[in-house]
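Novice: Mind having a look at this structure? Questions to follow.
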Amino acid sequence: MDSEVLVVGAGPAGLLLACELALAGVRTRLIEKRPEPHRASRALNLHPRSIELMDMRGLAGRFLAAGRTVPGWQFTASLKQPLDFTALDTRHPYALLIAQSRTEALLAERARELGVPVHRGYEAVALRQKEDGVEVDVRGPGGTVTARARYVVGCDGGRSFVRQAVGIGFPGTAESMTAVVGDFAVADHADIARARRHGVLVARLEAGLTRFVVMDPDRIRVPSTEPVTLEEFRTSLRRVCGTDCGIDEPRWLSRFGNATRLAESYRRGRVLLAGDAAHIHFPVGAQGLNTGLQDAMNLGWKLAAQVHGWAPPTLLDTYHAERHAVGHAVTTATQAQTLLVELPLTRRYGRPAGILCELLDTLLGMEEVNLHLANRISALDTVYPPPAAARADPLTGRRMPDIGLVTTTAEPTRVYELLHDGHFVLLRLDGDDDSRRRAADGAGRPGHIRTFTARPQGARPDLEGVKDVLIRPDGHIAGASRAVTRPSV
């Protein structure tokens with residue numbers, strides 16, 4: 001089971017990371033202790049930035065065909081005013097309702113296309129770092145074998161074996177509130193609007209299932225380890241909204257809590273973390289799976305550069321510097337969002353919390369406030385800090401928008417189509433015919449940077465005066481240069 005990179009955990013983050021590494025020509029193996037994929041789906045959506053990531057690799061069409069788009073999302077279930085994603089500066093101004101099981105299946109399909117071996121029923125049980133690599137003892141159907149890799153990435157969830165094996169701390173807050181979730185084959189849809197008015201989250205799933213998420217004031221202190229029964233679920237629904245919505249034939253019942261933790265470091269030597277292995281929180285705003293996908297996209301090209309030997313000495317360290325800050329922002333924000341859910345359920349703070357929620361609903365009705373929070377929840381506002389002591393252009397670290405491009409000799413295209421092969425893209429916007437390099441020439445040139453010359457299709461004030469833009473494989477801007485304006489005499 002030797003490889004250049006061993007990925008532990010075949011959830012969304014692990015699968016996307018394996019795809020990114022394989023696309024870059026890295027020999028990658030993925031192990032997963034579950035013999036079969038989960039049929040139940042904790043997460044139900046992809047936010048705009050995650051859909052953009054799929055678009056960068058030519059996969060957006062597959063995901064859009066498997067789900068259903070909605071124009072916005074809730075900041076919290078306790079607020080009535082939704083976030084308006086249609087106002088966002090993106091080709092994908094919506095959330096995509098798609099079960100996590102479908103997301104994993106589509107990413108597994110892509111992994112197979114790229115030749116990634118996925119070993120199910122294999123569990124990492126011991127890990128040893130060496131000077132030139134990592135050894136992992138893997139227990140599988142035929143016994144225990146030792147897998148060797150230059151790097152190991154733990155994408156193995158909140159109880160991550162990999163994180164614990166290398167001694168990375170996981171500080172945060174313990175569980176203090178729980179909610180229940182259930183997928184039912186039978187439900188009375190005439191009562192759904194009533195349930196939603198009382199703060200019950202209801203979503204239609206594949207195969208005719210309906211999901212209910214309930215926060216019952218009388219049951220929010222029940223530990224997440226206690227099993228959920230159909231009768232408890234019915235009782236909680238009746239207590240919260242006056243009807244049990246006719247639920248029956250449960251396919252999945254679970255309880256989840258608000259424990260919030262963030263790994264002290266995303267890297268220790270040759271071992272790295274991504275997804276829930278690095279951060280956990282209450283699923284308010286549906287940011288967990290999306291944050292994990294964005295971790296994987298950030299790490300993939302950097303780890304590939306390290307394996308192939310062309311990475312600058314500090315490149316792999318920027319994974320922690322960039323994504324740990326995002327993890328901190330998400331876990332901090334979700335604690336505030338969770339408080340807005342919890343306080344209205346308490347006897348002591350219920351009434352003043354309701355007044356606070358009314359005030360926040362008024363604020364969300366303001367276009368600027370709504371747009372600010374929509375950008376944050378969707379992750380479109382993520383900006384990575386430029387290298388220390390660098391005189392960076394203001395665009396450096398920002399997300400490159402998927403603008404339309406026009407050349408004089410080629411069909412119009414758009415930025416994300418240029419990123420399908422996972423290379424850097426040097427986009428020349430000055431239109432200088434003497435220095436123009438056609439797309440076909442750039443694509444056939446050896447190296448890690450593809451060069452294209454074009455002009456934006458339509459006005460783009462954010463690119464005014466920009467001559468060249470270097471775009472990273474994850475769609476963020478590595479650097480930009482601007483035309484020198486000479487003063488008139």
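Novice: Do you know which residues across segment 113-138 are loosely packed, with under 13 Cβ neighbours inside 10 Å, charged (D, E, K, R) and closer than 15 Å to L15 by Cα?
Specialist: E113
Novice: Related question: Which of the residues spanning segment 242-276 are among the hydrophobic types (A, V, I, L, M, F, W, C), crowded, with 20+ Cβ neighbours inside 10 Å and over 30 Å from L299 (Cβ atoms)?
Specialist: Scanning segment 242-276 gives C245, I247.
Novice: Using the structure shown, decide if A336 is part of a helix (DSSP H, G or I) and either at pLDDT below 95 or over 18 Å from the mean Cα position of the chain (by Cα) (or both).
Specialist: Answer is yes for this residue.
Novice: Among the residues in segment 244-262, are any in contact with a helix residue (DSSP H, G or I) (Cβ under 9 Å, 6 or more places away or on another chain), closer than 28 Å to L59 by Cβ and among the small types (G, A, S)?
Specialist: no
Novice: Could you run through segment 199-239 and say how many residues are closer than 16 Å to V186 by Cα and touching a Gly at 6+ places or on another chain (Cβ under 6 Å)?
Specialist: Adding up the residues that qualify gives 2.
Novice: Consider only pairs whose beta carbons are under 7 Å apart and that are at least six residues apart or on different chains; among these, list those whose first residue lies in segment 325-340 and is within 20 Å of S176 (Cβ to Cβ) and whose second residue is among the hydroxyl-bearing types (S, T, Y) and buried (at least 18 other Cβ atoms within 10 Å of the Cβ).
Specialist: If the second residue must be among the hydroxyl-bearing types (S, T, Y) and buried (at least 18 other Cβ atoms within 10 Å of the Cβ), the pairs left are V330/T291; T331/T260; T334/T260; Q335/T260; Q337/T76; L340/T76; L340/S78.
Novice: Among the residues of segment 358-399, count how many are assigned to a loop (DSSP other than H, G, I, E, B), among the hydrophobic types (A, V, I, L, M, F, W, C) and modelled with pLDDT of 95 or more.
Specialist: Going through segment 358-399 one residue at a time, the tally reaches 4.
Novice: Report whether or not A203 is part of a strand (DSSP E or B), in contact (Cβ under 8 Å) with a residue 24 or more places away in the chain, out of contact with any Asp or Glu (no Cβ under 9 Å at 6 or more places or on another chain) and under 24 Å from R102 (Cβ atoms).
Specialist: yes
Residues checked against (1) touching a helix residue (DSSP H, G or I) at 6+ places or on another chain (Cβ under 6 Å); (2) within 19 Å of G479 (Cβ to Cβ); (3) modelled with pLDDT under 90; (4) not in a strand (DSSP E or B):
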| residue | (1), (2), (3), (4) |
| --- | --- |
| P401 | no, yes, no, yes |
| T409 | no, no, yes, yes |
| E417 | no, no, no, yes |
| D421 | no, no, no, yes |
| V425 | yes, yes, no, no |
| G431 | no, no, yes, yes |
| D434 | no, no, yes, yes |
| R437 | no, yes, yes, yes |
| A440 | no, no, yes, yes |
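Novice: Only one of R234, R219, R267 is under 30 Å from R148 (Cβ atoms) and without any contact (Cβ under 8 Å) to a residue 60 or more places away in the chain. Can you tell me which?
Specialist: R267 is the lone residue from the list that is under 30 Å from R148 (Cβ atoms) and without any contact (Cβ under 8 Å) to a residue 60 or more places away in the chain.
Novice: Just to check your reading of the model, which residue among S176, S101 is among the small types (G, A, S) and either more than 30 Å from E231 (Cβ to Cβ) or touching a Gly at 6+ places or on another chain (Cβ under 9 Å) (or both)?
Specialist: S176
Novice: Only one of these is closer than 17 Å to G172 by Cβ, touching a residue at least 60 places away in the same chain (Cβ under 8 Å) and crowded, with 21+ Cβ neighbours inside 10 Å: Q294, Q287. Name it.
Specialist: Exactly one residue qualifies, and that residue is Q287.
Novice: When segment 308-325 is examined, which residues are found to be outside any loop (DSSP other than H, G, I, E, B) and either on the phi > 0 side of the Ramachandran plot or surrounded by fewer than 20 Cβ atoms within 10 Å (Cβ to Cβ) (or both)?
Specialist: Those that are outside any loop (DSSP other than H, G, I, E, B) and either on the phi > 0 side of the Ramachandran plot or surrounded by fewer than 20 Cβ atoms within 10 Å (Cβ to Cβ) (or both): H308, D317, T318, A321, A325.
Table: residues versus (1) within 14 Å of W252 (Cα to Cα); (2) touching a strand residue (DSSP E or B) at 6+ places or on another chain (Cβ under 7 Å); (3) not aliphatic (A, V, I, L, M).
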residue: S176; (1), (2), (3): no, no, yes
residue: R197; (1), (2), (3): no, no, yes
residue: V202; (1), (2), (3): no, yes, no
residue: G208; (1), (2), (3): yes, yes, yes
residue: R211; (1), (2), (3): yes, yes, yes
residue: P217; (1), (2), (3): no, no, yes
residue: V222; (1), (2), (3): no, yes, no
residue: V228; (1), (2), (3): yes, yes, no
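Conditions (1) part of a loop (DSSP other than H, G, I, E, B); (2) closer than 18 Å to G257 by Cβ; (3) of a type in the set (A, V, I, L, M), marked per residue:
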| residue | (1), (2), (3) |
| --- | --- |
| S176 | yes, yes, no |
| V181 | no, yes, yes |
| F184 | no, no, no |
| D191 | no, no, no |
| V213 | no, yes, yes |
| D218 | yes, yes, no |
| S224 | yes, yes, no |
| E231 | no, no, no |
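Novice: Quick one: how many residues across segment 165-202 are on the phi > 0 side of the Ramachandran plot and surrounded by 14 or more Cβ atoms within 10 Å (Cβ to Cβ)?
Specialist: Qualifying residue count for the region: 2.
Novice: Could you please let me know if E368 is surrounded by fewer than 20 Cβ atoms within 10 Å (Cβ to Cβ) and either closer than 24 Å to R399 by Cβ or free of Cβ contacts under 8 Å to residues at least 60 places away in the same chain (or both)?
Specialist: The answer is yes for E368.
Novice: Could you tell me whether any residue of segment 163-171 is of a type in the set (G, A, S), in contact (Cβ under 8 Å) with a residue 12 or more places away in the chain and under 30 Å from T346 (Cα atoms)?
Specialist: The answer is no; no qualifying residue exists.
Novice: Which one is nearest to V152 (Cα to Cα), of the residues in segment 233-270 that are hydrophobic (A, V, I, L, M, F, W, C) and in a loop (DSSP other than H, G, I, E, B)?
Specialist: Among them, the one singled out is A263.
Novice: Give segment 156-166 a look and list any residue that's under 19 Å from L17 (Cβ atoms) and part of a helix (DSSP H, G or I), or say none.
Specialist: Within segment 156-166, F161, V162, R163, A165 qualify.
Novice: Quick one: which of A24, A13 is in contact with a helix residue (DSSP H, G or I) (Cβ under 9 Å, 6 or more places away or on another chain), among the small types (G, A, S), more than 17 Å from Q100 (Cα to Cα) and touching a residue at least 40 places away in the same chain (Cβ under 8 Å)?
Specialist: After applying the criteria, what remains is A24.
Novice: Just to be sure before I move on: is R139 modelled with pLDDT of 95 or more and either touching a Lys or Arg at 6+ places or on another chain (Cβ under 8 Å) or not assigned by TED's automatic domain parsing to the domain that holds L289 (or both) in the structure I sent?
Specialist: no
The values are calculated or read from the model by the stated rules, or taken from the named source; none is laboratory data. It should be emphasised that the depicted structure is a prediction, and the values quoted were computed from it without experimental measurement. For neighbour counting, all protein chains shown are included, and Cβ atoms are generated from backbone atoms with ideal geometry for every residue, glycine included.
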